[in-house]
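Every number here is computed from the coordinates shown, using simple stated rules; none is lab data. Keep in mind the model is a prediction, meaning the values are calculated, not measured. Glycine gets a Cβ as well: all are built from the backbone with ideal geometry, and neighbour counts include every protein chain shown.
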Amino acid sequence: MNAHKPSGLDILVTGGAGFIGSNVVDFLLNDNRVTVVDNLRNVDERFIRKFMGNRNFKFLKVDITDREAIASIPGHDLVVHLAANSDVRGGSEDPVTDFRINSEGTVNILEYMRKRGVPRIMFASSSTVYGEAKTIPTPETYGPYLPISTYGASKMAAEGFISAYSHYYGLTGLIFRFANIVGTNSTHGVIFDFINKLKKNHSELEILGDGTQRKSYLHVNDCVGAMFHVNAISKQTDIYNLGNTSMTSVRRIAEYVTTGLKLGNVNFRFAGGIDGRGWKGDVKVAQLGIEKLSAAGWKNRYSSDEAVEVAVTEAISQIGAL
Ligand SMILES: NC(=O)c1ccc[n+]([C@@H]2O[C@H](COP(=O)([O-])OP(=O)(O)OC[C@H]3O[C@@H](n4cnc5c(N)ncnc54)[C@H](O)[C@@H]3O)[C@@H](O)[C@H]2O)c1
């Protein structure tokens, strides 16, 4: 990883018990003191257990929607804000949760930063803010933003508050719009779903949508490396897409998973859905333009297909073979 790792800092990682968060902690620990804030809503302690007992690590079981509890946390040098309702699919049934955790929760973190004089936030936003973009690959300058999920809308609102707080109070915010992130410790997403379905039924795999949905996948090591590479060189509030220059179809992912599980004749059953989408609010083709990231000097290790292939192997070794 050719990232510029910070050192000697007190860093608060919200959502640090989760998939990307636990990889961030792994990357930062020992060169820095890391405090994780997580209410363990989406995942238990399994990914942070190995850090417990490390004198540079602290875990606070706090909900970011609890403004008073967040305000009582001591100051830090940097916040990496990853806590969120990451269930994009559930939004159409429960839109308010997206707002409360992703938008209002972010405002609570910003209020904490303002009151404690924390100077910088790195924020996990998403490609979903662009909605159904007409320009693909989609650059950071694309507009207007018309998200088609409440998850995307809640991330868009959070971005706006980070921008406004940085204007009002002089803190800086790096907003990262992630593509689909895959790799070690993932507990959701298409690879995870396929493996779990195939564990129950070895001969048939239900695929949401028509299988032609194509998205760009980024390995979590490349995601974390890119975040801190940009952090080292970008001093102002700014937005970066983090993604890949290629895309992988859902059908191709199904093939990687069945091959990884050494399953021969699996019947792919396509659930169809509206316009072949996986669910209401699913974007059918998503690829972020990453020229700005490349111009900043970052190069991913894995292409989209490679990231999926590596992540399938990692997921099988974590979730267990059949
Ligand atoms: N994984 C992806 O492909 C992807 C893509 C785009 C953006 N993101 C964003 O990246 C971030 C990390 O995603 P992830 O994939 O690691 O998801 P994750 O669900 O594994 O991690 C999120 C963490 O936040 C915690 N959390 C949720 N609600 C909380 C609350 N109210 N208070 C405190 N903690 C809370 C969860 O327990 C979990 O540990 C999220 O903000 C997500 O929206 C992820």
Checklist outcome for this item: For Lys292, the aspartates and glutamates lying under 15 Å Cα to Cα, once residues fewer than eight places off in the same chain are dropped, come out as Glu140, Asp238
Item to check | 16 Å reach of a label modelled at Lys115, 7 Å along Cα-to-Cβ, counting backbone N of the range 46-72 | outcome: 62-72
Checklist outcome for this item: Under 5 Å from the placed amide H of Met122, counting only residues 5+ away or on other chains, we find Val79, Val80, His81, Leu174
Item to check | Relative contact order of the chain, defined on C-alpha pairs under 8 angstrom at six or more residues apart (%) | outcome: 19 percent
Checklist outcome for this item: Violations at 30 Å Cα threshold for listed pairs Lys61/Lys155; Lys50/Lys199; Lys61/Lys262; Lys200/Lys280 -> Lys61/Lys262
Checklist outcome for this item: At the level of C-alpha centres, the distance separating the range 103-151 and the range 269-322, in angstrom, is 20 Å
Checklist entry - By how many degrees, between 0 and 90 and to the nearest 10, does the Cα long axis of helix 105-116 differ from the longest principal axis of the chain? => result 20 degrees
Next on the checklist: Using 0.36 nm times the number of residues separating Ala295 and Arg49, minus their current alpha carbon distance, what extension gain do you get?
Outcome noted: 84.8 nm
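Want the number for Val96 to Thr65: 0.36 nm per residue separation, take away the alpha-carbon distance, what's left?
Additional length available on full extension: 9.9 nm.
Give the calculated FRET efficiency between Lys197 and Leu146 to the nearest 0.05, with a Förster radius of 30 Å applied to their Cβ-Cβ distance.
0.40
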Checklist entry - What per residue convex hull volume, in Å³, do the alpha-carbon atoms of the chain yield? => result 122 Å³
Next on the checklist: At R0 = 35 Å, how high is the FRET efficiency between Ser7 and Glu255 if r is their beta carbon distance? Nearest 0.05 is fine.
Outcome noted: 0.25
Item to check | Modelled FRET efficiency - R0 22 Å, Ser72 with Tyr168, Cβ distances, 0.05 increments | outcome: 0.45
Item to check | Other-chain or far-sequence residues with amide H under 5 Å of Val36's (modelled H) | outcome: Val13, Lys58, Phe59, Leu60
